[in-house]
Amino acid sequence: MQARLLPESDCASIPKKEGDVNCRTEEKHGLKRPTDLTPKDLHPPLTNYIKPLPVDVTTNILSRINGRELLNILPVCKDWWSLRKNAFFIDLHLSLAVRLTPPGIILFWHGEDKGQQRYKFQVRNHQWERQFSLARESDPILVTPACNGLICIYDFKMGITMCNPTTQKFMDLPRPTPNSARLMNTFPKCSLGFDPIRKQYKVVRFFYRKVDHANQSYNLGCEIFTLGAAWWKLIASIGCYPTGPGVNAKGSIYWIIGSGARNISTDKILALNLTKEKFRDISLLATRSQFGDDVKESISLAQLEGNLCVVYTRFFESYTVDIWMLMDYLGKRWIHKCHIRLPAQMNDLRYKIEPISMYDEKVILRRGRSFYEYNLQDGKMANVYTASYEGQPLQAFSFVQSLVPLGDSS
């Protein structure tokens with residue numbers, strides 16, 4: 001039979017017998033009922049247990065929480081709330097997020113919603129669990145790959161906006177310089193990168209003075225905007241046609257050099273050193289020496305494990321992906337990172353294969369709406385997620401949640 005617990009008032013009304021063991025114990029040790037205890041009755045007093053942790057311990061704990069959850073915790077007290085603007089803490093949080101946590105994924109698309117054009121971001125962790133989303137009204141836009149949690153948004157009217165999806169802060173950049181604004185800008189091209197020497201975020205914008213795809217004759221101007229500056233800076237003119245979104249890695253931004261309309265294969269990539277703000281070419285011959293010229297392939301760039309990678313996707317006879325990683329950033333030492341043989345059902349030329357991230361001997365590949373995980377150790381491929389969205393186009397990038405500020409943002 002289960003014992004019935006009496007209310008405290010009933011217990012107090014029950015007389016204790018003189019020989020009661022509990023009564024003798026209380027008298028001997030001076031014990032009180034829980035309701036009669038005060039912090040001073042504890043040895044040592046309770047106040048010794050509620051002193052705040054040392055600042056370095058608190059900082060270490062908070063710096064290991066992912067960005068969006070951290071922003072929900074920081075308002076607990078004034079000292080914690082001030083950390084969101086502490087440069088040391090922001091850098092520590094970012095470095096730990098990159099080093100200890102597998103990269104997440106940010107998805108982007110735009111379309112019509114209730115008669116309004118809107119773009120949407122959705123962030124998922126490495127286990128494909130939804131973390132948070134962000135939507136805003138806007139005309140059709142383009143976005144750059146994420147850089148330390150920041151994204152650059154730009155449209156066809158020369159409007160350029162910086163965004164931190166984690167903090168949900170936005171900052172409109174100044175309009176391009178008047179000379180470049182009067183030139184041909186029917187197809188905008190922006191890229192975002194980080195200068196680790198000066199610890200500055202920079203937006204690179206190309207504008208077209210002359211474009212002749214038929215004769216492969218080009219004259220492109222290039223401007224750069226440093227986050228925190230007041231205006232754009234003209235840095236160079238180039239005589240080639242950079243393709244792709246531009247990949248940021250180890251202080252430089254890289255583009256494939258294409259032929260514009262035909263977008264043929266090339267043996268070089270274009271690199272911009274963000275510290276020196278100088279362009280240079282990097283040869284790809286070392287990565288192509290094992291293949292014949294008749295192989296049908298596409299070439300793209302990716303940032304994997306923080307390094308620049310060139311990705312070759314081959315069609316028809318053998319449907320494979322080869323990833324080469326640049327190790328010295330002078331363009332002289334490449335390593336063959338992996339060779340992936342894709343299953344027959346993925347041999348569809350309508351969908352491009354894109355490596356999104358690489359960690360723990362796994363490569364995340366995107367094909368249309370579907371995402372796959374390829375295990376480098378056993379060679380197995382698994383479909384891990386299929387995106388559901390309304391609108392075009394879907395873009396996906398590796399993403400880390402950060403508190404990196406934008407300056408005067410809204």
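Derivation of every value follows stated rules applied to the coordinates shown; laboratory data play no part. Everything numeric in this text was worked out from a predicted model, so none of it was measured. Reconstructed Cβ throughout: ideal geometry from the backbone, glycine too, with neighbour counts over all protein chains shown.
Residue pairs exceeding 32 angstrom between C-alpha atoms, taken from 169/337; 169/380; 199/362: 169/337; 169/380. Averaging 1/r over every pair of different alpha carbons in the range 306-345 and inverting the result gives a Kirkwood radius of 11.1 Å. Can you tell me the FRET efficiency between residue 320 and residue 129 if r is taken as the Cβ-Cβ distance and R0 is 30 Å, rounded to the nearest 0.05? Efficiency at R0 = 30 Å is approximately 0.45. The calculated FRET efficiency for the pair residue 155 and residue 197, based on their C-beta separation and a Förster distance of 51 Å, comes to about 0.95.
Shown is the FRET efficiency for residue 86 and residue 390, computed with R0 = 35 Å from the Cβ-Cβ distance and rounded to the nearest 0.05: 0.30.
On full extension, the segment bounded by residue 78 and residue 268 gains 63.1 nm, given 0.36 nm per residue less the C-alpha separation.
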